[in-house]
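The values are calculated or read from the model by the stated rules, or taken from the named source; none is laboratory data. Remember, it's a predicted structure, so these values are computed and weren't measured experimentally. Please note: Cβ atoms are built from the backbone with ideal geometry, for glycine as well, and neighbour counts cover all protein chains shown. When the accessible area is computed, the model is the full protein with side chains, heavy atoms only, and any ligands, DNA or RNA have been set aside. Shrake-Rupley method; radii C 1.70, N 1.55, O 1.52, S 1.80 Å.
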Amino acid sequence: QVQLVESGGRLVQPGGSLTLSCAASGRTFSDYAMAWFRQAPGKEREFVGCISWGGDRTLYATSVKGRFTISRDNAKNTVYLQMNTLKPEDTAAYYCAGDLTHYGDYDGAYDYWGQGTQVTVSS
């Protein structure tokens, strides 16, 4: 199995940028497709984007497409979420998730989750 630890969340002003990291340990990182989800207070968990095992494919939620970019460095066992042009509605706890066989937007299919990192977009 794999253990996931997110970092990089903080308070940022609207229009600003932020990069989240998710470091993996345990099983070979490239065995896992990876995804980012987020959850705002009082709302359901929401798909943000995902990246395939080798990093050659990505998929994004409509709400973040063109503003967020997912990348991975399998040599460093890390997946990143670069967030640009942040909006107050991006405020949420952000979670990375991994799975051996699933690549897509269904959170129920991901077996491994980090503890989350808080992103707050506010002036």
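Points worth noting:
- Test: residue in segment 53-62 that is in a strand (DSSP E or B) and under 18 Å from TRP113 (Cα atoms): no
- Residue list for segment 1-33, filter: within 23 Å of THR85 (Cα to Cα) and in a strand (DSSP E or B): GLU6, SER7, LEU11, VAL12, LEU18, THR19, LEU20, SER21, CYS22
- Members of segment 8-31 found to be surrounded by 14 or more Cβ atoms within 10 Å (Cβ to Cβ), closer than 17 Å to ASN77 by Cβ and either among the charged types (D, E, K, R) or modelled with pLDDT of 95 or more (or both), listed by number: GLY8, LEU20, SER21, CYS22, ALA23, ALA24, ARG27, ASP31
- Summed over segment 67-104, the residues that are in a loop (DSSP other than H, G, I, E, B), open to solvent by less than 40 Å² (accessible area, probe 1.4 Å), touching a residue at least 40 places away in the same chain (Cβ under 8 Å) and closer than 20 Å to THR120 by Cα give a count of 2.
- Considering residues of segment 45-66 that are open to solvent by less than 70 Å² (accessible area, probe 1.4 Å) and of a type in the set (S, T, N, Q) only, the residue nearest to ALA92 (Cα to Cα): SER63
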